[in-house]
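Just below is one structure, and these are the notes that go with it.
The values are calculated or read from the model by the stated rules, or taken from the named source; none is laboratory data. Quantities reported herein were computed from a predicted structural model and do not represent experimental measurements. Glycine also receives a Cβ, built like all others from the backbone with ideal geometry; neighbour counts cover every protein chain displayed. What goes into the accessible areas is simple: the full protein's heavy atoms, side chains included, and nothing from ligands, DNA or RNA. Shrake-Rupley method; radii C 1.70, N 1.55, O 1.52, S 1.80 Å.
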Amino acid sequence: AGSKVLSEEESRTAYKKHHYAYKEAVDRAYGLLISEGAKLKAAGLPFTDLTRLFQGEARTVYIDSCCHFNQLGNDLIAQEMARVITAR
């Protein structure tokens with residue numbers, strides 16, 4: 001929740017309001033992943049949480065109602081990974 005404002009296209013193709021079968025599991029899993037990632041970082045390990053990478057991105061990056069990205073989404077992830085790696 002709150003990780004990206006959906007574009008009009010994403011609202012039509014990538015978001016299913018009544019997709020309850022996965023919502024609870026996804027919410028729980030992401031919460032655990034974020035929490036465990038924070039523990040890794042606190043322990044001094046090189047960890048970067050990208051779950052908010054698209055928070056300010058208005059363009060379409062999701063191509064389906066699961067979790068798959070279009071070329072722009074993949075490029076943004078790759079650019080951020082490269083930025084983080086070269087900064088280290």
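Structure data summary
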{"read-out": "Degrees between helix 71-87 axis and first principal axis of the chain (Cα, 0 to 90, nearest 10)", "value": "10"}
{"read-out": "Semi-axes of the equivalent ellipsoid for the range 26-88, Cα gyration tensor, largest first, Å", "value": "23, 17, 8"}
{"read-out": "Candidate lysines - alpha carbon under 22 Å from K4, same-chain residues fewer than 8 apart omitted", "value": "K16, K17, K23"}
{"read-out": "Total charge dipole magnitude, the chain, about the Cα centre, Cβ charges on Lys, Arg, Asp, Glu only, Debye to nearest 20", "value": "220"}
{"read-out": "Rounded percent of accessible protein surface that carbon and sulfur make up, the chain, 1.4 Å probe", "value": "59"}
{"read-out": "Accessible area expressed per residue, the range 1-80, with surrounding protein chains retained (probe 1.4 Å, Å²)", "value": "75"}
